[in-house]
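Working notes, structure below.
The values are calculated or read from the model by the stated rules, or taken from the named source; none is laboratory data. From a predicted model like this one, the values you see are computed outputs, not experimental measurements. Cβ placement follows ideal geometry from the backbone for every residue including glycine, while neighbour counts extend to all protein chains displayed.
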Amino acid sequence: MAILVQKYGGTSLASEEARRRVLGHIERERAHSYALVVVVSAMGRMGDPYATDTLLSLGGSAQSLPPREKDLLAVCGEIISANVLCGLLRSEGVPSIVMTGGQAGIRTDAGFGQARIMRIDPDPVMRQLEQGKVVIVTGFQGQSDQGDFTTLGRGGSDTSATAIGAALRAERIDIYTDVDGILTADPRLVEDAKPLDTVSYAEITNLARQGAKVIHPRAVEIAAQSNIPLRVRSTFSDGEGTLVTADPVSESQVRDRLATGIAHVPKVTQISVTADGHKDMQLNVFQSMAKHGISVDFINVTPGGALYTVFDEDADRALEVLGKLGYTPAAVRGCAKVSVVGSGMHGVPGVMARIVEALTEEGITILQSADSHATIWVLVRQEQMTAAVRALHNKFELHL
Ligand code: ADP
Ligand code: ASP
Ligand code: MG
């Protein structure tokens, strides 16, 4: 039995017309004799009635909910969309069944809001596939050993899809979304961003980690571990989208390009702390951030101080914690991290010079920078983020 996993994101399920498209993709693959598992997200985005953000903002009450109950509220969106799709499939005579994450055998730890998948029992889904049913699985959720609903972190339906695909040894996992595949930059910022035909797991993991939210990085890591090909494609067209594998077919496309794409993370605050004679400053700063669940990034530690970023929404808390420890931190709020990602840049001289050139030509100041073998990061002011992404996209000729 050849198994295909399809995952549909929020916008792919948001309207009657979109759901008709979904139906078309399901019927096409069934006609190719695939056994289908369809993983769904909640319908729509913030403001739409059953979107995750909308549920979590209901009456402002979710803020005071304990994590377990907050997850129980959050999973409702996927449960609704799965049943809406099941109704549509059945009205068209397609045998189908809805399974929650738990019913589909996904066991997680009890880390509500950010649960980790511990194991997946493929048998319950397999039994339904063997009966010829399309199995619709609610994305983004699993079940703890205590029987509680858990969520896998925002954007977690991608992870559900690849984890189920790996457990079932699927032939391929298709991630259907609202763009034509993985592009050289977010098309919302760069009009002439180009879809990539093929990318490696490593490159898309890097892009996704640096903010290209077209697919969740954890989802790619799971697909890579099992070596199952992924396709990122549009629900709204019949294009093939981007194929993600360990060893992309058209190697020249991957290896000969210096940069693969530009990614960005908006709304971060740069914090700098100086030791000022305090003992164990480095240890105190990072232990205190960890203790308060504040995620830190862009870290630069010297004997005299520490420089790092936190999300804008965590900045007040971070500064308060540091203040209580006796430090006088400085903060630059409203920054953005922009990254040039590409395995082709490793060892090539002049890449940083190009980046500085591109940004200087636009009058953009680099507040901080760092590099690894396949990524160069710069921190800029939020209001210059779009200009920075566009300038770098142009400089690396990604539109060609
Ligand atoms: P879904 O609801 O289908 O999971 P998401 O909103 O999570 O969709 O992801 C799709 C969005 O990712 C696109 O609408 C696009 O704006 C954004 N995006 C960011 N970077 C990229 C990129 N490099 N390629 C394609 N899309 C990107
Ligand atoms: N609905 C969840 C979210 O908005 C999961 C997902 O869409 O992947 O984060
Ligand atoms: Mg998504």
Response to the item:
Note on Tyr176: of the conditions (1) closer than 28 Å to Asp297 by Cβ; (2) at pLDDT 95 or above, unmet is (1)
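Identify all residues within region 215-227 that are in contact (Cβ under 8 Å) with a residue 24 or more places away in the chain and surrounded by fewer than 23 Cβ atoms within 10 Å (Cβ to Cβ); write none if there are none.
At the first step, the residues of region 215-227 found to be in contact (Cβ under 8 Å) with a residue 24 or more places away in the chain are 215-216, 218-220, 222-223, 225-226.
Arg218, Gln225, Ser226 - these are the residues of region 215-227 that are in contact (Cβ under 8 Å) with a residue 24 or more places away in the chain and surrounded by fewer than 23 Cβ atoms within 10 Å (Cβ to Cβ).
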Response to the item:
Going through region 185-233 in order, the residues found to be more than 8 Å from ligand 1 (Cβ to nearest atom) and small (Gly, Ala, Ser) are Ser200, Ala202, Ala208, Ala219, Ala223, Ala224, Ser226
Practice prompt. From (1) touching a Lys or Arg at 6+ places or on another chain (Cβ under 8 Å); (2) over 20 Å from Ser41 (Cβ atoms), pick out the condition that doesn't hold for Leu88.
Written response: (2)
Worksheet item: In region 22-74, what residues are within 13 Å of ligand 2 (Cβ to nearest atom), small (Gly, Ala, Ser) and part of a helix (DSSP H, G or I)?
Response: Ala74
Worksheet, complete the sentence: Within region 1-18, the residues that are farther than 15 Å from Ser96 by Cα and either of a type outside the set (A, V, I, L, M) or part of a helix (DSSP H, G or I) (or both) are Lys7, Tyr8, Gly9, Gly10, Thr11, Ser12, Leu13, Ser15, Glu16, Glu17, Ala18
Discussion item. Can you find a residue that is more than 24 Å from Arg317 (Cβ to Cβ), touching a residue at least 40 places away in the same chain (Cβ under 8 Å) and touching a Gly at 6+ places or on another chain (Cβ under 7 Å) anywhere in region 261-281?
Written reply: yes
Item to complete: Determine whether region 168-186 contains at least one residue that is of a type in the set (Val, Ile, Thr), closer than 24 Å to Gly344 by Cα and touching a residue at least 60 places away in the same chain (Cβ under 8 Å).
Response: yes
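Hey, could you check region 75-101 for residues that are of a type in the set (D, E, K, R) and not in a loop (DSSP other than H, G, I, E, B) and say which is farthest from ligand 3 (Cβ to nearest atom)? Full working, then the answer.
Within region 75-101, the subset of a type in the set (D, E, K, R) is 78, 90, 92.
Filter once more, keeping what is not in a loop (DSSP other than H, G, I, E, B): 78, 90.
Numbers: Glu78: 12, Arg90: 27 Å.
Among those residues, the one meeting the criterion is Arg90.
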Worksheet item: Looking only at region 381-394, which residues are of a type in the set (Lys, Arg) and buried (at least 18 other Cβ atoms within 10 Å of the Cβ)?
Response: Arg390
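Which residue out of Ala387, Ala391, Ala358 is modelled with pLDDT of 95 or more and out of contact with any Asp or Glu (no Cβ under 6 Å at 6 or more places or on another chain)? Let's see the steps before the verdict.
Working: Ala387 fails: out of contact with any Asp or Glu (no Cβ under 6 Å at 6 or more places or on another chain); Ala391 fails: out of contact with any Asp or Glu (no Cβ under 6 Å at 6 or more places or on another chain).
Answer to the check: Ala358.
Tally up the residues in region 199-211 that are surrounded by fewer than 24 Cβ atoms within 10 Å (Cβ to Cβ) and either within 11 Å of ligand 3 (Cβ to nearest atom) or on the phi < 0 side of the Ramachandran plot (or both), please. Break it down stepwise before answering.
Residues of region 199-211 that are surrounded by fewer than 24 Cβ atoms within 10 Å (Cβ to Cβ), as a first pass: 200-202, 205, 208-211.
Now restrict to residues that are either within 11 Å of ligand 3 (Cβ to nearest atom) or on the phi < 0 side of the Ramachandran plot (or both): 200-202, 205, 208-210.
So the answer is 7.
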Worksheet item: Within the group Thr375, Thr360, Thr365, which residue is of a type in the set (S, T, N, Q) and in contact (Cβ under 8 Å) with a residue 60 or more places away in the chain?
Response: Thr375
Worksheet, complete the sentence: In region 385-394, residues that are touching a residue at least 40 places away in the same chain (Cβ under 8 Å) and not charged (D, E, K, R) total 6
Practice prompt. Only residues that are farther than 19 Å from Ile228 by Cα, buried (at least 24 other Cβ atoms within 10 Å of the Cβ) and more than 14 Å from ligand 3 (Cβ to nearest atom): list them for region 138-172, please.
Written response: Thr138, Gln141, Gly142, Phe149, Thr150
Worksheet, complete the sentence: Okay, helices (runs of 4 or more DSSP H) sitting entirely in region 149-265 with 1 or more residues that are more than 19 Å from Gly139 (Cβ to Cβ), I get 201-209, 217-226, 251-255
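Out of all the residues in region 187-198, is one or more within 16 Å of ligand 3 (Cβ to nearest atom) and of a type in the set (Lys, Arg)?
As a first pass, look at region 187-198 and keep what is within 16 Å of ligand 3 (Cβ to nearest atom): 187-188.
Keeping just the survivors that are of a type in the set (Lys, Arg) gives 188.
Taking every residue of region 187-198 in turn, at least one turns out to be within 16 Å of ligand 3 (Cβ to nearest atom) and of a type in the set (Lys, Arg).
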Practice prompt. Of the numbered conditions (1) of a type in the set (A, V, I, L, M); (2) over 29 Å from Arg390 (Cα atoms); (3) surrounded by 12 or more Cβ atoms within 10 Å (Cβ to Cβ); (4) modelled with pLDDT of 95 or more, Val301 fails exactly one; give the number of that condition.
Written response: (4)
